[in-house]
Amino acid sequence: MKKEQVANCQFSVWYPIFKKHTIKSVILPLPQNVIEYLLDDGTLVVSGSGHDNVHNNNSNSDEEEDIQWSDDETTTTATAPEFPEFTSKVLEAINALGGRVFPKLNWSAPRDANWIALNSSLQCDSLRDIFLLFKSSDFITHDLTQPFLQCSDQDSPDPVINYELVLRKWSELIPGGEFRCFVRENKLIAISQRDYTQYYHHVLKQEEQVSHAIQEFFSQHVQYNFPDEDFVFDVYRDSEGRVWLIDLNPFGALTDSLLFSWEELRSGGEISQQQEGPAFRCTTSEVTVQPSPCLSYRIPRDFVDLSTGEDAYKLMDFLKLKKSQQEASEEEEEEGNAPK
Ligand SMILES: Nc1ncnc2c1ncn2[C@@H]1O[C@H](COP(=O)(O)OP(=O)(O)OP(=O)(O)O)[C@@H](O)[C@H]1O
Ligand SMILES: [Mg+2]
């Protein structure tokens, strides 16, 4: 996989080509100061003008507390003044897209961070929601810091990247309708169920119809229209059987090969010789159901609830526990001090 192939899969490259067949979206250039804010791994959301005051515990009681948790109403007012122009562009775009959006950068969405959002989802209705997800996501950091990490042409200069915030109209996609399609030398060679951790009875039952619909979509709208001849595209087949393009990804290890292996996809021989059309794989029984691949990115739910104040009872239990621990240690201390 070459750097150029990765550069071709940026949202702003493919969106204008396939606009008619994908979810309505708005692309906004990401200002340098916002990029720096996203990469600053100090506190999650910081009030004031910079990260300097995080450690500067000023005792002036008129000053706001330095650290603001994300669900605090004051967070928006604390961060918004720093990027007023960008904030208003984002809000305008969110409104134009119906009030709820799915955010991503040039390549990635913060899928590894959805657990941190109050709604445990990537659905956002403010810049504050977007910042919380982006700052918590390793996938977003990857886009910003090392997008060409696994490319074979490491000696060649990196293509110039203009970072962009992509806002997509929020759409309730049923995971069983999502498929990843692998194209080599402009030929559709393989289709995999996207959410391979679950068994979907209807996918298995409609395998032929699904494969046929995707092949038709590919030959009518995708084939020869993309600047590369090797790529991976993701689709969604809605309840009426219509196929939509969701994303484009580089053909190589950066992209999850799901129910195939990159070895077999690259060699192509075995999987495409078996039949005329593309190889089709889906999860075939409950036995193979696996935990969500993003689980390892999470921290314990209790910690999130406590830090956000989501669950009041949990917070009360936690405080009671702290209090009893404190009392116990005070008692111990007293005992320790008592003359023997
Ligand atoms: N507009 C949208 N509204 C709601 N959910 C969406 C939207 N777009 C995508 N999704 C959901 O989010 C998932 C990830 O989206 P997308 O493929 O754009 O992210 P990605 O970071 O490129 O993922 P990958 O690393 O697997 O390529 C999709 O599989 C889909 O379930
Ligand atoms: Mg993708």
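Worth a mention:
- Scanning region 187-207 for residues that are modelled with pLDDT of 95 or more and open to solvent by 70 Å² or more (accessible area, probe 1.4 Å) gives a single hit, LYS187.
- Taking the numbered list (1) at pLDDT below 95; (2) among the aliphatic types (A, V, I, L, M); (3) within 12 Å of ligand 1 (Cβ to nearest atom) in turn, LEU167 passes all entries but (1).
- On the stretch given as region 81-102, residues that are more than 21 Å from LEU173 (Cα to Cα) and among the basic types (Lys, Arg) total 1.
- Taken as a whole, region 80-90 holds at least one residue that is at pLDDT below 80 and surrounded by 15 or more Cβ atoms within 10 Å (Cβ to Cβ).
- Selection from region 214-235 of residues that are within 16 Å of ligand 1 (Cβ to nearest atom) and over 20 Å from VAL13 (Cα atoms): ILE214
- For first residues located in region 99-128 and among the hydroxyl-bearing types (Ser, Thr, Tyr), partners that are within 16 Å of ligand 2 (Cβ to nearest atom) and open to solvent by 30 Å² or more (accessible area, probe 1.4 Å) and lie 6+ apart or on another chain with Cβ distances below 9 Å form the pairs SER108/PHE139; SER108/HIS142; SER120/ASN114; SER121/ASN114.
- Among the residues of region 236-265, not one is in contact with a Ser or Thr (Cβ under 6 Å, 6 or more places away or on another chain) and within 15 Å of GLN209 (Cβ to Cβ).
- Being free of Cβ contacts under 8 Å to residues at least 60 places away in the same chain and assigned to a strand (DSSP E or B) is a property that PHE139 lacks.
- Qualifying residue in region 26-42 (condition: open to solvent by 30 Å² or more (accessible area, probe 1.4 Å), within 17 Å of CYS124 (Cα to Cα) and modelled with pLDDT of 95 or more): yes
The values are calculated or read from the model by the stated rules, or taken from the named source; none is laboratory data. Predicted, not measured: the structure shown is a model, and the values here were computed from it. With ideal geometry, Cβ positions are generated from the backbone for all residues, glycine too; neighbour counts draw on all protein chains shown. Note: areas computed on protein heavy atoms with side chains; ligands, DNA, RNA excluded. Shrake-Rupley method; radii C 1.70, N 1.55, O 1.52, S 1.80 Å.
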